[in-house]
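Below is one structure; the comments refer to it alone.
Every number in this text was worked out from the coordinates using simple rules, so none of it is lab data. The structure presented is a predicted model; accordingly, all values stated were derived computationally and were not measured. Every residue, glycine as well, gets a Cβ built from its backbone with ideal geometry; the counts of neighbours run over all protein chains shown.
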Amino acid sequence: MAKTPKAKPVGKKGPLKIAILSRNGKLYSTARLKEAAEARGHEVKVIDTLRCYMNIATDRPTIHYRGQNLDDFDAVIPRIGASITHYGLAVLRQFEMMGVLAVNGSVAVNRSRDKLRSMQLLSRRGIGLPVTGFAHSPDDIPDLLKMVGGAPLVIKLLEGTQGLGVVLADTRKAAESIIEAFISIEANIMVQEFIKEAEGADIRCFVVDGQVVASMRRQAPEGEFRSNLHRGGSAHSVKLTPAERNTALRAARIMGLNVAGVDILRSSNGPVVLEVNSSPGLKGIEKCTNADVAGAIIDFIEKKAASGRTKAEE
Ligand code: ADP
C-alpha cells in the first residue's frame with residue numbers, strides 16, 4: 001500500500017464525518033480512502049450502497065442503513081460499481097438532497113456512465129477522440145464502416161468494462177460479422193478507428209481537484225492490444241506531455257468530475273481520450289507510482305469543508 005503521511009491538521013471545520021459508498025470495505029481503494037481519512041483525524045464509515053434505503057417523498061430527506069439514520073455526514077465518496085449505477089445514483093442523490101458534499105456529484109457520475117453521451121460532450125468541446133461511430137440498424141453498417149475509415153477497427157460494447165467486449169477487427173468482413181453478431185443479441189455498440197501507433201499502451205491520468213496527481217502507462221501483453229490490467233497488462237509510472245496533462249484536466253472538467261481517471265491513447269495526431277472514469281481504482285496507480293492518491297482525495301474534501309462549501313454542487 002502507498003504510504004499515507006502522519007495525521008496533519010484538519011480543515012477549519014475540525015474532524016469530518018465521511019461516508020464511503022462502497023459494496024466492499026476490503027477493496028484496496030475503499031480501504032485506502034478509509035485509512036487516509038482516519039490518518040487525518042476524520043471519522044469514516046463504509047456504507048454498502050445496496051443496503052441504504054430512503055424516504056424520498058418528504059421535506060426532510062433521510063437515508064437509513066441497517067436500522068440507523070444516516071443524518072450527520074459532511075461528505076460522501078461515491079465508489080459505485082457499473083452494475084449498480086441506477087440504485088447507487090439514487091442513494092448519492094439522496095445524500096446530496098440532505099446537503100452532504102459529494103466528492104463526485106450524481107449528475108457528473110451519471111454523465112460519465114453513458115459512453116456515447118460522454119464522447120459527444122468531449123467532442124463538442126474540442127477534446128481529441130478516436131474517430132467513432134454508432135448505428136442502430138444492420139442496414140447501415142457497411143456505410144458506418146466506411147464513415148469511420150474502414151478496417152482495422154475496434155468494436156466496443158457500450159456496457160463493457162475492464163476490456164471485456166472490446167474487439168479488434170482486422171478486416172471489413174470480420175468487422176461486419178462481429179457487428180452482426182452483437183446486433184443480433186441486441187447489444188449496444190460503437191465502432192472506432194484503431195489507434196495502431198499506441199502499440200497496445202494507454203495512459204491513465206488520475207485527476208483530483210484540477211491536478212493530475214498520478215499517471216501510469218499500461219502496456220498490453222504480447223499479442224494483445226488491450227492494456228487493461230485485468231487483461232494481463234503491466235503498468236509503469238509515466239511523465240505526461242503538457243498536451244496530455246491539459247487534455248486530462250480538461251476532460252475531467254468538462255465531465256464535471258472532481259475525481260476522475262482519464263484514459264488516453266498516444267495517437268499520431270496527439271492525445272485522444274478513450275474514457276473518463278468516475279470511480280477510478282487506486283490499487284494499480286498507487287502501487288506503480290507510489291503516489292498518495294487516497295490522501296489527495298481526502299485533502300480535496302478538507303479544502304471544500306474548510307471553505308464552508310460542503311453543500312452538494314452540480
Ligand atoms: P474498457 O472501458 O472496457 O476498459 P476501453 O475502451 O478502455 O474499454 O478499451 C480497453 C483497452 O483497449 C484500452 O485500454 C486500450 O488499450 C485498447 N483500446 C481501446 N480502444 C482502442 C482504439 N480505438 N485503438 C487502440 N486501442 C484501443
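Mean residue ellipticity at 222 nm, helices only, the chain: -9500 deg cm²/dmol; runs of at least 4 DSSP H residues each add -39,500 (n - 2.57), and the sum is divided by the number of residues.
If you take all other residues with their beta carbon under 14 Å from the beta carbon of GLU275, and give Lys and Arg +1 and Asp and Glu -1, the sum is +4. Our summary gives the chain a relative contact order of 20 percent, counting only alpha carbon pairs under 8 angstrom and 6 or more residues apart.
In percent, rounded to a whole number, the relative contact order of the range 203-272 is 37, using alpha-carbon pairs under 8 Å and six or more apart. Rounded to the nearest 20 debye, the dipole size of the chain about its Cα centre is 1140 debye, using +1 on the Cβ of Lys and Arg and -1 on the Cβ of Asp and Glu. Across the range 132-194, the relative contact order, built from alpha-carbon pairs under 8 Å that are at least six residues apart, equals 45 percent. Shown for the range 156-305: lysine pairs separated by 8 or more places, or found on different chains, whose C-alpha atoms are under 21 Å apart, numbering 5. Summing Lys and Arg as +1 and Asp and Glu as -1 over all other residues whose Cβ lies under 13 Å from the Cβ of CYS288 gives a net charge of +4. Sorted fewest first by neighbouring Cβ atoms within 10 angstrom, CYS205, CYS288 come out as CYS288, CYS205. Given the chain, what percent of its DSSP beta bridges are antiparallel, to the nearest 5? Restricted to the chain, the bridges split so that about 80 percent are antiparallel. Using the Cβ of ASN69 as centre and a radius below 14 Å, the other residues enclosed give a net charge of +3, where K and R count +1 and D and E count -1.
Toward the positive end of the charge dipole of the range 132-194, with +1 on the Cβ of Lys and Arg and -1 on the Cβ of Asp and Glu, the farthest Cα among GLY150, GLY160, SER184 is that of GLY150. Using the Karplus relation 6.51 cos²θ - 1.76 cosθ + 1.60 with θ = phi - 60°, the per-residue 3J(HN,Hα) values for the range 24-32 come to 8, x, 8, 4, 3, 4, 5, 4, 5 Hz, with x marking Gly and Pro. Were the residues from LYS173 through LYS45 laid out at 0.36 nm apart, the gain over their Cα-Cα distance would be 40.8 nm. Projected label points at THR241 and LEU164, each 7 Å from Cα along the beta carbon direction, are separated by 3.5 nanometres. Go ahead and run the numbers for FRET between ILE185 and LYS26, Cβ-Cβ distance against an R0 of 41 Å, rounding to 0.05. Efficiency at R0 = 41 Å is approximately 0.75. Computed 3J(HN,Hα) for the range 294-304, one whole-Hz value per residue from the Karplus formula 6.51 cos²θ - 1.76 cosθ + 1.60 where θ = phi - 60°, is 4, x, 5, 5, 5, 4, 4, 4, 4, 4, 5, glycine and proline marked x. Residues whose amide H comes within less than 5 Å of that of LEU282, counting only those at least five positions distant or on another chain, are SER29 (H built at 1.01 Å from N in the peptide plane).
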